[in-house]
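First the structure, in the form of structure tokens, and then the observations on it.
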């Protein structure tokens with residue numbers, strides 16, 4: 001079901017667009033304002049409050065972490081003062097793995113629970129959905145031998161990104177939603193509950 005373009009739609013899209021810019025360029029105060037005060041965030045290496053996410057992301061940024069986000073294909077469904085937003089996104093992280101400089105690229109979606117409070121739309125919960133990824137050497141012809149046991153210990157949709165992050169000292173979550181499966185279906189159901197949608201009377205997600 002398509003949501004008509006409205007002021008609410010545009011306000012939500014503005015937050016979604018601002019998030020990647022403020023996060024990737026280190027504008028921490030404005031990044032924090034993308035959430036309501038009780039907002040939460042999940043990622044491959046973090047699960048908790050948005051406030052703690054900003055602190056930890058800032059610390060990684062200041063240590064030299066190089067992570068960029070790109071997005072397109074936005075849609076949201078609005079039910080009164082609540083909304084579910086989805087946007088196609090790509091995460092790119094550059095780092096060294098066993099002495100070799102590499103780029104990990106992961107494609108997926110941000111699945112956001114929005115709420116309008118005192119006239120302001122902001123995120124209550126941001127949950128990425130991971131779909132497919134890859135790992136490439138930056139220098140053409142460079143050779144990187146992967147530890148297949150470690151690589152295959154992570155979910156297939158984000159195993160290369162997780163491999164890079166684990167090699168750089170991060171603890172990576174291993175139960176995040178992918179394109180298919182029970183975890184993403186549970187997330188979709190939580191979205192329906194958020195919007196108070198009865199499954200047999202309508203669904204924000206095309207079947």
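Just so you know, all these numbers are worked out from the coordinates, no wet-lab data involved. Here the structure is a predicted model, which means the values were calculated and not measured. Positions of Cβ are generated from backbone atoms using ideal geometry, with glycine treated the same way; all protein chains shown enter the neighbour counts.
Assorted remarks:
- Computed over the alpha carbons of segment 108-165, Rg followed by Dmax gives 17.5, 56 Å.
- Helix axis angle, 50-62 relative to the chain longest principal axis, alpha carbon, degrees: 30
- Relative contact order of segment 7-194, pairs being alpha-carbon contacts under 8 Å that are 6 or more residues apart, as %: 19
- In this calculation the C-beta distance from residue 156 to residue 7 is compared with R0 = 41 Å, giving a FRET efficiency of 0.55.
- Over all pairs of different C-alpha atoms, the chain has a mean inverse distance whose reciprocal, the Kirkwood radius, equals 17.9 Å.
- Here the chain carries DSSP beta bridges of which approximately 90% are antiparallel, counting only pairs with both residues inside.
- Euclidean distance between Cα centres, segment 87-120 to segment 28-73, Å: 10
- Considering every alpha-carbon pair of segment 77-149, the percent of pairs per 5 Å bin, from zero through the bin containing the longest distance, is 4, 14, 17, 15, 12, 10, 9, 7, 6, 5, 2, 0.
- Over 16 Å [Cα-Cα, segment 1-118], rounded percent: 64
- Sorting 70, 53, 170, 110 by the number of Cβ atoms found within 10 Å of their own Cβ, with the fewest placed first, yields 70, 170, 110, 53.
- Between residue 92 and residue 174, full extension at 0.36 nm per residue minus the direct alpha carbon distance yields a gain of 27.6 nm.
- Compared with the direct C-alpha span, the chain from residue 190 to residue 132 gains 18.6 nm at full extension, assuming 0.36 nm per residue.
- Between residue 29 and residue 147, the modelled label-to-label distance comes to 4.3 nm, taking each label 7 Å out from Cα in the direction of the beta carbon.
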